[in-house]
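The values are calculated or read from the model by the stated rules, or taken from the named source; none is laboratory data. Here the structure is a predicted model, which means the values were calculated and not measured. Note that each Cβ is placed from the backbone with ideal geometry, even for glycine, and that neighbours are counted across all protein chains shown. To get the accessible areas, we keep the full protein, side chains included, count just its heavy atoms, and leave off ligands, DNA and RNA. Shrake-Rupley method; radii C 1.70, N 1.55, O 1.52, S 1.80 Å.
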Amino acid sequence: MSSETDALLIIEPSPAWRTVDLGEVWRYRELLYFFVWRDVKVRYKQTVLGISWAIIQPLFAMIVFAFFFGRVAKLPSDGIPYPLFTYAGLLPWTFFANGLGTGSQSVLSNANLVTKVYFPRLLVPISAILTGIVDFALALLMLAPLLIWKHTMPAAESLFFVPLSIGIAFLFVFGLSTWLSAMVVRYRDIRHVVPFVIQIWMFATPIVYPLSFIPQKWRWAVSLNPMVPVVEAFRSSIFGRPVEVGGLLYALVVSLVLIVTGSIYFRRLERLFADVM
Amino acid sequence: MSEIAVRADNVSKLYRIGARRDPRTFRETLTDLMTFRRQQRNAEERDLWALRDISFEVKRGEAIGIIGQNGAGKSTMLKILSRITEPTSGRIELRGRVSSLLEVGTGFHPELTGRENIALNGAILGMTRAEIRQRFDEIVAFAEVERFIDTPVKYYSSGMYMRLAFAVAAHLEPEILVVDEVLAVGDAAFQSKCLRKMNDVASHGRTVLFVSHNMPAVKTLCHSAVWLMNGKVVDSGDSTSMVTRYLQHSSSRAGREDVVQLIAGLPPDPVFRLDAIRLLQRDNETTNVLNGEPLDIEIRFTVFSTTLGLHVYFQLLDLEEVVILESIHNGSVDQAPRVEAGQWIARARIPADFLAARPYQLLLRAGIADVRSLLREPIRLTFDVQQSGVVNRAFPGYQTPGRIAPLLEWQVTRSAE
């Protein structure tokens, strides 16, 4: 306590353009922990089924997709049992989609805090996305019985790409959320666009179909979507297939660019949050 | 270590208001960009200086009150001090660990238990996990919620909820405390408990900046006060004299003309319209009330659709904002009152020989019970009362110290010895 006695806090107009004060974010890490803790607690408290929701959501999507796309439409799945194939694709996708949904709304949905107490505003989108990790981990556990059921075993050496691809998905959705969460405060109508975009985006990403299903000459265009290498790498590593590292690298670079530009934009707008909300 | 804990130097805050609606929609911005309408819009904008060149200093261990009417800039100042919004220009230096309280229970979540909310709220207010653990029992004891500590706060009564929320805030141990009138909550007993706690804080060498309407509280808690009006400092100095001057000033406002204007400018409501409020004596309008005669408070209002639970009511206050009485226009009806559509005149009579010879304020409010308030802010009317009723001629000029002076029935008889 005594070390902080002489703490000097200066309040003055900040420059219009500035980057993230990482030291400050670090000092507030306990609050970040509490935000995530709150969201996880509340999320599973409010529902009758509690934690099982995290599993039910992708599981039901899998069943529906397996029926319509696998059985009825007979989409190929690179020789992997179709339900497993979609489930493995849905895991990183659900993490990304939920992160984008809650992350982009996060500043607005925490308006009661943002207008009443100071903390680095970036904690809000970060915690919103981190909360999704818990759901992801639970859904990932569900993958084990599914693999056993279909007698498939992942190769141990390629499992390294599971955390890596999810890490990149996190960075990507964080980059997008810094842009969107700040933008939504200013332009409320974006809020209604996001769910719609997520829906379309899912079908533009090889989740219910393999990337090989896309004709060779269009594959480059589809692969501009950073979620393509993320989903592909995740799925390949689960099923022990070679991972294309170049695509992941591309997704990483796009994510970093989004994070840097997005957090500058976020910092520029955050000065207005309390005045506008 | 410096003697000055807080130094504000020419702090200003500009708001742009006007034709441009914030928040805008993305579509509007796009069309604006394409049609060059931006400049035209800027012309319609108006600048509003919420604060203009505010400077003051607070010494370490001093409690200072920031007072002023609504719209004077108090809450903007508070938001800047709490770093929720930034000043447009100027600079504030704060030396020491700062905590600010704009409301109690910030971030409380109804689904979480009392225990969980203490942890969460503590973290939001800037306590470390170790500090929260260490003060946990004290907080629970202060809030008197031991039995319900593992119950979600959505099942708490509003009193319990407020007590818990205040208890967390009260156990912050900052060196500089910036606080809004969070004291205006809870029942009287709890309010005085809060005030005692605040007094404790102030007398333990911590620096307190207290933004409030509660003049008695400012007088007791603060050594000095800064009086703001229209975003500027009117004066600052010893709190007792600042409060007295502020009250004198504000009682000269809120007279009849202001009220008429205020009523005319009320935003329209689909259910209710306040048409007029008048003080009548012998059926004539007056602002100089004689206490020897009954005083009628007449409220005219229009109800557009028949509404259950609609009520108009007023509070009578003295200039120190102490509520003397409250009265509801259909308060004597047994079941939930139903007000038919139409124009209404409601008159309440304050009997003769009841008010003291001193200034009073009338605060008019309207609402639909358990649904919503019909006036965003109460209508305030100030009036003076002159002595005209029964008075003991032997003591001319004697003024009762009482807030009211009802003529009580005395029975004076010789005791049979």
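Quick look at the values:
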{"read-out": "Flag if B:V234 is at pLDDT 85 or above, open to solvent by 50 Å² or more (accessible area, probe 1.4 Å) and assigned to a strand (DSSP E or B)", "value": "yes"}
{"read-out": "Qualifying residue in the stretch B:74-82 (condition: crowded, with 17+ Cβ neighbours inside 10 Å, in contact with a Gly (Cβ under 8 Å, 6 or more places away or on another chain), of a type in the set (D, E, K, R) and in contact (Cβ under 8 Å) with a residue 60 or more places away in the chain)", "value": "yes"}
{"read-out": "Check on B:S99, facing chain A (nearest Cβ under 7 Å) and polar (S, T, N, Q)", "value": "no"}
{"read-out": "Hits in the stretch A:215-238 - residues which are buried (at least 20 other Cβ atoms within 10 Å of the Cβ) and either over 28 Å from A:L147 (Cα atoms) or not polar (S, T, N, Q) (or both)", "value": "A:P226, A:M227, A:V228, A:P229, A:V230, A:V231, A:E232, A:A233, A:F234, A:R235, A:I238"}
{"read-out": "Subset of the stretch A:1-21 (residues that are open to solvent by 60 Å² or more (accessible area, probe 1.4 Å) and either at the interface with chain B (Cβ under 7 Å from one of its Cβ atoms) or at pLDDT 85 or above (or both))", "value": "A:E4, A:D6, A:L8, A:I10, A:E12"}
{"read-out": "Any pair with Cβ under 8 angstrom, 6 or more apart, that starts in the stretch A:132-148 at a residue that is free of Cβ contacts under 8 Å to residues at least 12 places away in the same chain and open to solvent by 50 Å² or more (accessible area, probe 1.4 Å) and ends at one that is in a helix (DSSP H, G or I) and acidic (D, E)", "value": "none"}
{"read-out": "In the stretch B:287-316, residue surrounded by the most Cβ atoms within 10 Å (Cβ to Cβ) [restricted to those that are farther than 18 Å from B:R372 by Cα and at pLDDT below 90]", "value": "B:N291"}
{"read-out": "Residue in the stretch A:31-38 that is open to solvent by 60 Å² or more (accessible area, probe 1.4 Å), farther than 29 Å from A:V260 by Cβ and either outside any loop (DSSP other than H, G, I, E, B) or at pLDDT 80 or above (or both) present", "value": "no"}
{"read-out": "Whichever residue in the stretch A:108-124 is within 9 Å of chain B (Cβ to nearest Cβ) and of a type outside the set (A, V, I, L, M, F, W, C) and, among such residues, is most open to solvent (accessible area, probe 1.4 Å)", "value": "A:N112"}
{"read-out": "Spans of strands (runs of 3 or more DSSP E) in the stretch B:309-356 with at least 1 residues within 15 Å of B:P378 (Cβ to Cβ)", "value": "B:310-318, B:323-328"}
{"read-out": "A:T178 being away from chain B (no Cβ under 14 Å), of a type in the set (S, T, N, Q) and either closer than 26 Å to A:D21 by Cβ or touching a strand residue (DSSP E or B) at 6+ places or on another chain (Cβ under 9 Å) (or both)", "value": "yes"}
{"read-out": "Residue match in the stretch A:230-241 (condition: closer than 28 Å to A:F68 by Cβ, basic (K, R) and not in a helix (DSSP H, G or I))", "value": "yes"}
{"read-out": "Residue list for the stretch A:96-107, filter: open to solvent by 10 Å² or more (accessible area, probe 1.4 Å) and either within 14 Å of another protein chain (Cβ to nearest Cβ) or more than 17 Å from A:W37 (Cβ to Cβ) (or both)", "value": "A:A97, A:N98, A:G101, A:Q105"}
{"read-out": "Which listed residue is within 16 Å of B:I277 (Cβ to Cβ) and open to solvent by 20 Å² or more (accessible area, probe 1.4 Å), from B:R358, B:R365", "value": "B:R365"}
{"read-out": "Residue list for the stretch A:171-198, restricted to those being of a type in the set (G, A, S) and open to solvent by 10 Å² or more (accessible area, probe 1.4 Å)", "value": "none"}
{"read-out": "Residues (in contact with a strand residue (DSSP E or B) (Cβ under 8 Å, 6 or more places away or on another chain), at pLDDT 90 or above and at the interface with chain A (Cβ under 7 Å from one of its Cβ atoms)) located in the stretch B:102-128", "value": "B:L112"}
{"read-out": "The stretch B:141-165 - residue that is among the aliphatic types (A, V, I, L, M) and surrounded by fewer than 20 Cβ atoms within 10 Å (Cβ to Cβ) and, of those, nearest to the other protein chains (Cβ to nearest Cβ)", "value": "B:I149"}
{"read-out": "Long-range neighbours under 8 Å by Cβ, at least six apart or interchain, first residue open to solvent by less than 100 Å² (accessible area, probe 1.4 Å) within the stretch B:400-417, second not in a loop (DSSP other than H, G, I, E, B)", "value": "B:R403/B:D318; B:R403/B:I324; B:I404/B:I324; B:I404/B:L355; B:A405/B:L355"}
{"read-out": "Where B:I124 falls short, out of the listed (1) closer than 21 Å to A:P120 by Cα; (2) in contact with a Gly (Cβ under 6 Å, 6 or more places away or on another chain); (3) open to solvent by 10 Å² or more (accessible area, probe 1.4 Å); (4) among the aliphatic types (A, V, I, L, M)", "value": "(3)"}
{"read-out": "Criterion: modelled with pLDDT under 85, surrounded by 16 or more Cβ atoms within 10 Å (Cβ to Cβ) and among the aliphatic types (A, V, I, L, M) - qualifying residue of B:L262, B:L280, B:L274", "value": "B:L262"}
{"read-out": "Residue within the stretch A:43-55 that is within 30 Å of B:D180 (Cα to Cα), within 14 Å of chain B (Cβ to nearest Cβ) and either in a helix (DSSP H, G or I) or open to solvent by less than 60 Å² (accessible area, probe 1.4 Å) (or both) present", "value": "no"}
{"read-out": "Per-region count, the stretch A:235-264, residues of a type outside the set (F, W, Y) and either touching an Asp or Glu at 6+ places or on another chain (Cβ under 8 Å) or over 30 Å from A:D21 (Cβ atoms) (or both)", "value": "12"}
{"read-out": "Residue count for the stretch B:381-414, restricted to those that are modelled with pLDDT under 80 and among the basic types (K, R)", "value": "1"}
